[in-house]
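Taking it in order: structure first as structure tokens, then the write-up.
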Amino acid sequence: MTTDHATDGTTSRPAADRLPSPWSSGRFRLFFTARSTSLLADGMLMVSLTTAVLGAGYGAGGVGYALAAWMAPIVLLVLFGGVLADRFTPQVMMVGADVVRMLAMLAMAALLYDAGTGGGPRAELWQIMALMAVSGAATAMFQPGLASIVPQVAEDIQRANALLRVSEAMSALIGPGLAGFLVAYWQVSGSYAVIAAAYALSALGLAPLRRLATARDESDDPVWRRLATGWHEFRARTWLWSVIALWAVYGLFVFGPALPLGAALLTDQHGAAGYGWIASADGAGTIVGGLLGMRVRPRRPLVAGASAMFFFALNPLAPALGWNFTATVVTGVLAGCGFAFWGVMWATSVQSHIPLTVLSRVSAYDVAGSIMVIPVGRALAGPAAAFGADRVLLFSSAVSVALLAAMLCVPAIRALGRAPEPDREATPEGAAV
């Protein structure tokens, strides 16, 4: 792929226009449809789970246990998911994961329907936790392969990632509302049936992609050696491990407390309805950020993405300082936009600079490092609130700025450019400068 650069540091419009739109690829349309239905199911899952656990009488503590049962297998198994995706191809693992998730959700629907109709005993918490653990384990097998699929279904990797980011934002907006509607006007078991159908549609969309020219790893190395190879590829690139190391701290001190403490403060300041509008503004900003990711092509994607992420520091700052409703809505839009634009730049950089033969494994280290500490941050948010929720969020905002500034101080991150498409099959020796 030849790229011409304008004097302002962005790729010139004619060079970008020479890349065909992802929509022109039937493979991308199948993948986009499959990914969108899977994201919709994910968006519905939390509302359905919370309603099911509370309705069964297990309280907020039961919700926490059920969420932990879902999250723990993802954290523990995602690295093995990357190994298996590189060994058996991402498409095989993702279709299998969708089938398992579909069956787990159908079992949940049957369990809750039996209890809800009065024809059976109340659903036991351990049963709900077991099914959520199965779903979480399948998600760990599904997630690492996503990065490896995108470069094979679209020539314009950045625009494809931007479209997927927009889909993710739309699903995050529609999914909870759809689940709430189904729970209110049908029953919670019905929402799980719809989730199962969405995972089935995802599997059907991914199934025809079996003929992708995936760089399948045919070696007979044991799992531990495959993990070690992925780790070697990961740590060999300073820009990669630097971002993930800083992102892990970001998850602990920013993502972790920002949601529970921010939601509590915003609800107190603006009411439940006001908080709903603010959350929607954040989702709208995510859509805008995804659309910007389709058009803006910086020569230094990580620098541009990290710069946009400075807007996310406004997310915990607004409730901490008690800004008025209008200002808080604006900050929500800006924070969502910055986060989405960063996501597009990051995904495109990883998929452009990592060889396909190890991309799923490297992506697994990315996922593990990014999400592992967020539950810890959320768990610590409650005790930390004893010092004042507003003070904790002010600290989160300051940490956000400091970590992003540190990211921009890493020479390898600043130097990383847009990789020419033909060169991505070869392992770059100097990728981490």
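Here are some notes:
- Given charges at Cβ of Lys, Arg, Asp, Glu: the range 222-433 dipole, positive-most of ALA406, GLY369, PRO222: PRO222
- Label-point gap, in nm, between TRP224 and ALA197 - each point 7 angstrom along Cα→Cβ: 4.8 nm
- For Cα Rg over 2.2 N^0.38 Å, the value calculated from this model appears in [x] 1.12; [y] 2.89; [z] 0.97 under label [z].
- Karplus-based coupling profile of the range 264-281, in residue order and whole Hz: 5, 5, 5, 5, 5, 7, 10, x, 5, 5, x, 4, x, 5, 5, 4, 5, 5, with θ = phi - 60° in 6.51 cos²θ - 1.76 cosθ + 1.60 and x standing for Gly or Pro.
- Think of the chain as a dipole: +1 on every Lys or Arg Cβ, -1 on every Asp or Glu Cβ, centred on the Cα centre; then among PHE395, ALA123, MET294, MET294 lies furthest on the positive end.
- Summing charges over all other residues whose Cβ lies under 12 Å from the Cβ of TRP346, with Lys and Arg as +1 and Asp and Glu as -1, gives 0.
- Sum of -39500 (n - 2.57) over DSSP H runs of 4+, divided by residues of the chain (222 nm, nearest 500): -26000 deg cm²/dmol
- Among TRP186, TRP23, TRP241, residue whose mean-square fluctuation peaks in a GNM of the chain (springs only between Cα atoms under 10 Å): TRP186
- Normalised Debye scattering of the range 22-160 at q = 0.12, 0.18, 0.21 Å⁻¹ gives log10 I(q)/I(0) of -0.55, -0.99, -1.20, counting only Cα atoms as equal scatterers and leaving out solvent.
- 12 Å reach of a label modelled at THR326, 7 Å along Cα-to-Cβ, counting backbone N of the range 258-301: none
- At an R0 of 45 angstrom, the distance between the Cβ atoms of ALA379 and SER24 translates into a FRET efficiency of 0.45.
- Per-q log10 I(q)/I(0), the range 199-338, q = 0.17 Å⁻¹ (Debye; single scatterer per alpha-carbon; no solvent): -1.04
- Taken over the range 222-433, the ratio of Cα radius of gyration to 2.2 N^0.38 Å equals 1.09.
- All other residues whose Cβ lies under 11 angstrom from that of SER363 are scored, Lys and Arg at +1 and Asp and Glu at -1, for a net of -2.
Where a number appears in this text, it was derived from the coordinates with a stated rule and is not lab data. Note that the structure is a prediction, hence the values are computed from the model and not measured. Note: ideal-geometry Cβ built from the backbone for every residue, glycine included; neighbour counts use all protein chains shown.
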